[in-house]
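The values are calculated or read from the model by the stated rules, or taken from the named source; none is laboratory data. Since the structure is predicted, the reported quantities are computational estimates derived from the model, not experimental observations. Reconstructed Cβ throughout: ideal geometry from the backbone, glycine too, with neighbour counts over all protein chains shown. Ligands, DNA and RNA are stripped out before the accessible areas are found, and what is left, the full protein with its side chains, is counted by its heavy atoms. Shrake-Rupley method; radii C 1.70, N 1.55, O 1.52, S 1.80 Å.
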Amino acid sequence: MAGDRAIPGEMMAIGIGTPGGPEALAPQWRPVPVPGPDEVLIKVAAAGINRPDVMQRQGKYPPPPGASDIPGLEVSGVIVAAGGSAELLVGQRVCALVAGGGYAEYAVAPAGQCLPVPDDYDLVEAAALPETLFTVWSNLFERAYVVEGDTVLVHGGTSGIGTMAISLCKLFDIAIIVTCGSDEKCEQAKAWGADHAINYRKQDYVEEVRRITGGQGVQAVLDMVGGDYVPRNIQCLAEDGRHVSIAVMGGANAEVFIPTIMSRRLTLTGSTLRPRSVAFKSLVADELMRVVWTFVEQGKLRPAVDSRFPLADAAKAHARMDAGDHFGKIVLTV
C-alpha cells in the first residue's frame, strides 16, 4: 500500500446503535480501513446524506455483503493511500461513490468509482454529487435513454435526486416536469430550473401532465414513490414511454392494466444502485467522465446543497432530512 504515512490507526465515525430515529446515530471510534487492490483510502472532507442512509438507520436497508456498516454512500476528499494499480492516485482530490462507510474521517472506495474534483470546486459540494449523479444518469439517461427534445416527469422535485435531474435535463435540453408537496417547493424547483412544477397536494398531476404536454404525455417517468403512483405514472406516458422505478417510498405493490402497456408499447423497468458490482459502477463513472464531467470542470454542474453539519452532528442532519423541509442535499463536513 502506497502513501500510508501519518495515517492514524483509529478514526471517528458515525455508528448506528439500536435502529430507529436520528438519535440512533452516534460518534464512535473505529479502525481506519485499509484499501485493498485497486482501492483507495480517502481522507474525507465531506459526506453526502441520502435517503438510503435514513432507511439503514431505521433498520430497513442493511448494507450489502462486504460493505461497511457505517452509513454514507458518497464522500469527497483527498486520496492518502491506495493499493495495487491505484497507487498513482495518491494525492488527488476526488469524490467517490461507496457502498457504505462515508460517515467517517476516512473511507475506502474502489478506484473506478472515484471522480476527480477540480481545484476550484468546493469539496463540500463535490460530496453531494456522486450518489444522485450516478443514480439519475444510469436510470434516466441510460435505462430510460432520454435525449434532447424529450419531456420527463420526476417526482420529488426538491430532493437530491429531483434537483440533480433538473440540472442534468437543463444541460442536455430535456424538458422536465416535477412534482412537489407545497407551492413553496414548486417555486424552489422552478427557480432551480424545472420547466414545470406541480403541487401534488392541490392538483392531479396526471391531468396537469396531460395539459402541459398537450395530451401527448412524457417520454419518461423517474419514480421514487411506487405504490398507487405507478398506474397514474403510466397514464402520464406518451406512446413508447419508459417508466423507471428507483424506490418504493409509497408502497412496494402496484396494480397495472397490462393491455395498456402492450397497446402503447410502454417499458416498465427499474434498478437499485447500491448492490450493483464495482465493474458496473466503474462503467457509469467512465461514462460520466466522458459525457458529463466537462460541465463540472466548467462549474456548470453543481448540486443543490441545503445545509452543512459537522460529522458529529449526524443526528441533527438526519432530523432535518426527516422533517422534509430541505431543498437538495444535506452534507456532513469533517
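Summary of values
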| item | result |
| --- | --- |
| Wholly enclosed helices (runs of 4 or more DSSP H) of region 131-230 bearing at least 3 residues under 27 Å from residue 285 (Cβ atoms) and of a type in the set (A, V, I, L, M, F, W, C) | 160-171 |
| Criterion (touching a Phe, Trp or Tyr at 6+ places or on another chain (Cβ under 6 Å) and within 21 Å of residue 227 (Cα to Cα)) met by exactly one of 161, 198 | 198 |
| Given (1) part of a loop (DSSP other than H, G, I, E, B); (2) closer than 20 Å to residue 52 by Cα, index of the condition residue 300 fails | (2) |
| Every pair of residues 6+ apart whose Cβ atoms lie under 9 Å, when the first sits in region 275-291 and is without any contact (Cβ under 8 Å) to a residue 60 or more places away in the chain and part of a helix (DSSP H, G or I) while the second is buried (at least 16 other Cβ atoms within 10 Å of the Cβ) and polar (S, T, N, Q) | 280/138 |
| In region 31-57, the residues that are open to solvent by less than 70 Å² (accessible area, probe 1.4 Å), outside any strand (DSSP E or B) and not aliphatic (A, V, I, L, M) | 33, 35, 36, 50, 52, 53, 56, 57 |
| Selection count where residues are more than 16 Å from residue 307 (Cα to Cα), among the aliphatic types (A, V, I, L, M) and within 14 Å of the chain's Cα centre (by Cα), scope region 121-150 | 3 |
| Leading residue by the ranking (least open to solvent (accessible area, probe 1.4 Å)) among those in region 200-234 that are farther than 19 Å from residue 181 by Cβ and among the charged types (D, E, K, R) | 210 |
| Odd one out for residue 247 among (1) among the aliphatic types (A, V, I, L, M); (2) under 19 Å from residue 73 (Cβ atoms); (3) open to solvent by less than 70 Å² (accessible area, probe 1.4 Å); (4) not in a loop (DSSP other than H, G, I, E, B) | (4) |
| Qualifying positions in region 61-105 - in a loop (DSSP other than H, G, I, E, B), among the hydrophobic types (A, V, I, L, M, F, W, C) and open to solvent by 40 Å² or more (accessible area, probe 1.4 Å) | 90 |
| Residue that is nearest to the chain's Cα centre (by Cα) [pool: residues in region 176-199 that are surrounded by fewer than 19 Cβ atoms within 10 Å (Cβ to Cβ) and not acidic (Asp, Glu)] | 193 |
